[in-house]
Amino acid sequence: PPRSTHCISSAASDVYKRQVGLLAIAAVVVGRQLLRVRRDESRLQQLEQSGTAKSRQAADLYELGSVQLCKRLYPQATATLKQALKRLGDEPDEARAVIENALGFALAAQKNYEEASKHYKLALKAKPNYPVALNNLGYAQDKLLKTEEALTLYRRTLEIEPENQTAKRAVKKLEKRV
């Protein structure tokens, strides 16, 4: 039986409303991303102009390296974070762990998983129950085709943080391979 024109226009109206809703959501997401990129660019410019790259403070260099990571300037971040490590003085072990982990991340982003693994291990030496470094080391070991080691690392993360979603997904994926 033929539909009434009222039903067709009502259905078309519903489709139109859904499309407008989706466009609004997309606009918000894109807007937030643009603001984040602008903020990162602004902070990078401030840090570069203030001479942070020549700073003798590990914290300043770590901040610059972090912004470089956000901007996906991985080779620059690697150099900056290496300088931060050289300038670490009497900072607590946690500072060393955070910088080593960030350096590992910069190296992994450049697909240098062997070197990244070394820095993740140094981060864990400084702070043994550091879930982010454990996850990152698990990722690097997986990329190096060391599946059993990766699985062990992710399981260790779950012992520390049972609700860690990254580790849960990785364990599920890796268990299928073993």
Could you grab me the full set of residues in segment 61-116 that are among the basic types (Lys, Arg) and over 21 Å from residue 135 (Cα atoms)? 71, 82, 86, 87
Out of segment 156-167, which residues are assigned to a helix (DSSP H, G or I) and either touching a residue at least 60 places away in the same chain (Cβ under 8 Å) or buried (at least 16 other Cβ atoms within 10 Å of the Cβ) (or both)? 156, 157, 158, 166, 167
Any residue at all in segment 41-48 that's of a type in the set (A, V, I, L, M, F, W, C) and at pLDDT 95 or above? no
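Conditions tested, residue by residue: (1) open to solvent by 80 Å² or more (accessible area, probe 1.4 Å); (2) modelled with pLDDT under 95; (3) hydrophobic (A, V, I, L, M, F, W, C).
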{"site": "113", "(1), (2), (3)": "no, no, no"}
{"site": "131", "(1), (2), (3)": "no, no, no"}
{"site": "141", "(1), (2), (3)": "no, no, no"}
{"site": "145", "(1), (2), (3)": "yes, no, yes"}
{"site": "151", "(1), (2), (3)": "no, no, yes"}
{"site": "154", "(1), (2), (3)": "no, no, no"}
{"site": "169", "(1), (2), (3)": "yes, no, no"}
{"site": "173", "(1), (2), (3)": "yes, no, no"}
Given (1) in contact with a helix residue (DSSP H, G or I) (Cβ under 8 Å, 6 or more places away or on another chain); (2) over 29 Å from residue 64 (Cα atoms); (3) not in a helix (DSSP H, G or I), number of the condition residue 129 does not satisfy: (2)
Before we move on, is residue 95 open to solvent by 10 Å² or more (accessible area, probe 1.4 Å), more than 29 Å from residue 177 (Cβ to Cβ) and in contact with an Asp or Glu (Cβ under 6 Å, 6 or more places away or on another chain)? no
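The values are calculated or read from the model by the stated rules, or taken from the named source; none is laboratory data. Computed from a prediction, not measured in an experiment: that's the story for all the values here. All Cβ positions, even for glycine, are placed from backbone atoms using ideal geometry, and neighbour counts span all protein chains on display. Each accessible area value is taken on the protein alone, full model and side chains, heavy atoms only, with ligands, DNA and RNA left out. Shrake-Rupley method; radii C 1.70, N 1.55, O 1.52, S 1.80 Å.
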